[in-house]
Amino acid sequence: MRITARQIVFCLFIILSLIFANPALAKTNVYSPDYKVQQIQPKKESEETNKPLSFPQKLSIILRMGWEKLAGIFAGKDTGKTAENLQTTGQKPDPPPYTSDNSTETNSSVIKAEQIKDLLTKLDLDSEGRSITREANPDSIPVKTPVIKNSPPEATAAAAVSQPKERYGEIEDNPVKTTYSIAILGDSMVDTLGSDLEVFRVMLKSGFPKYSFALLNYGQGSTDLEKGLERLTKTTKYLDKNFPPLLSFQPDILVVESFAYNHWSGELSDINRQWITIAKIIDVIKEKSPKTEIILAATIGPDSETYADGKLNLTKAQKEEASLVTRAYLQNLINFANSQKYPLADAFTPSLDNKGNGKSDYINQSDHLHPSSKGAELFFEKILEAIKVNELIK
């Protein structure tokens with residue numbers, strides 16, 4: 001029987017392959033697309049890595065290695081790590097591009113937190129340790145793994161997998177305030193400024209364009225300063241509308257007007273009563289809403305010649321007396337603010353003419369008592385000025 005050259009080559013292929021075949025290669029195929037998954041999965045103690053292979057198993061390995069491997073051996077070129085090299089040198093197959101050079105195998109059923117922390121800069125892992133990452137990009141910049149303080153390593157590793165890698169700020173630790181609530185407490189001199197205080201809102205938005213504002217008008221007509229004190233902590237009703245306790249809103253800024261137009265008598269004892277009541281209001285605010293900033297405000301001054309014309313029928317002497325006492329209460333609040341170092345919104349002083357009477361431009365000409373639109377603007381301007389000077393809005 002004549003033996004052909006093709007049969008000789010085939011026999012040599014079989015013999016040489018059996019010599020170089022490594023039983024471990026049947027367990028780990030370096031050309032398998034799942035190779036990098038196998039590298040990071042822990043080995044089980046029950047695995048028998050050195051169990052002898054049967055001839056069909058070795059033949060299966062030979063077929064998978066292919067003709068390219070054989071051609072490289074005959075040409076004297078090592079196209080990869082052969083089984084013989086691995087056995088004699090003790091080397092392991094090259095790791096996949098995502099594995100860490102200093103990562104070690106473990107006998108535990110889960111990957112340790114230290115391994116995960118080391119690997120996360122190179123790959124993403126699912127809950128079972130399988131690779132779910134994209135192809136390696138040598139130009140990519142490693143993303144720093146976020147660390148949770150005061151947490152065990154296992155919690156840190158789990159959080160690192162589940163949390164996004166890019167963090168744009170810690171709003172819980174350093175919140176940016178964008179809305180301020182401002183309330184004004186007073187009598188009808190505040191009530192008539194408008195329930196929504198729209199003019200004031202426009203001025204605030206112009207002065208602080210980056211912020212929005214929630215405004216509360218807690219002005220109620222025919223009420224004195226002590227009624228204003230009750231309004232801080234008690235529900236009140238005015239013009240068929242229920243007003244919750246003002247401090248239940250925890251306003252950022254609270255403006256306390258003088259209530260001078262609903263004053264008590266002109267006796268010194270009542271002037272001191274106003275002083276003491278202002279102090280009580282401040283104490284309650286500090287107790288119930290300690291973060292609230294306080295501004296004391298004095299509204300426009302009265303005109304003794306026309307005081308309450310069109311609303312009250314007062315004699316000339318009554319007008320002069322009422323105007324004098326009203327001015328005393330307005331000045332008393334100013335003195336309190338200056339002596340106790342509280343922010344002051346003083347619309348009273350600039351509203352007076354050279355005789356000490358309120359300028360008609362600032363007084364509503366229909367009742368000669370409440371602020372006109374210009375008087376309201378002056379009052380709001382002074383509040384805005386006090387906010388800026390005292391930096392109550394950062």
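Here the spin labels are modelled as points 7 Å beyond Cα on the Cα-Cβ line, and at Trp275 and Val199 they lie 3.3 nm apart.
Peptide packing: for 187-195, 359-367, the average count of neighbouring Cβ atoms within 10 Å per residue gives the ranking 187-195, 359-367, highest mean first. Descending by average beta-carbon neighbour count within 10 Å, the peptides 234-245, 345-356 line up as 345-356, 234-245, the highest first. Here the extension length gained between Glu287 and Lys394 equals 36.2 nm, from 0.36 nm per residue of separation less the Cα-Cα distance. Packing-based ranking of 220-229, 312-321 yields 220-229, 312-321, ordered from highest to lowest mean Cβ neighbour count within 10 Å. Here is the link list: Lys280/Lys382; Lys227/Lys286; Lys280/Lys388; Lys355/Lys388; Lys280/Lys394. Which ones come out longer than 21 Å on Cα distance? As for pairs spanning more than 21 Å Cα to Cα, those are Lys280/Lys382; Lys280/Lys388; Lys355/Lys388; Lys280/Lys394. Ordered by the count of other Cβ atoms within 10 Å of each Cβ, fewest first, Lys288, Lys382 give Lys288, Lys382.
Throughout, read-outs are computed from the coordinates displayed, never taken from laboratory work. Just so it is clear, the structure is predicted and the values come from calculations on it, not from any experiment. Reconstructed Cβ throughout: ideal geometry from the backbone, glycine too, with neighbour counts over all protein chains shown.
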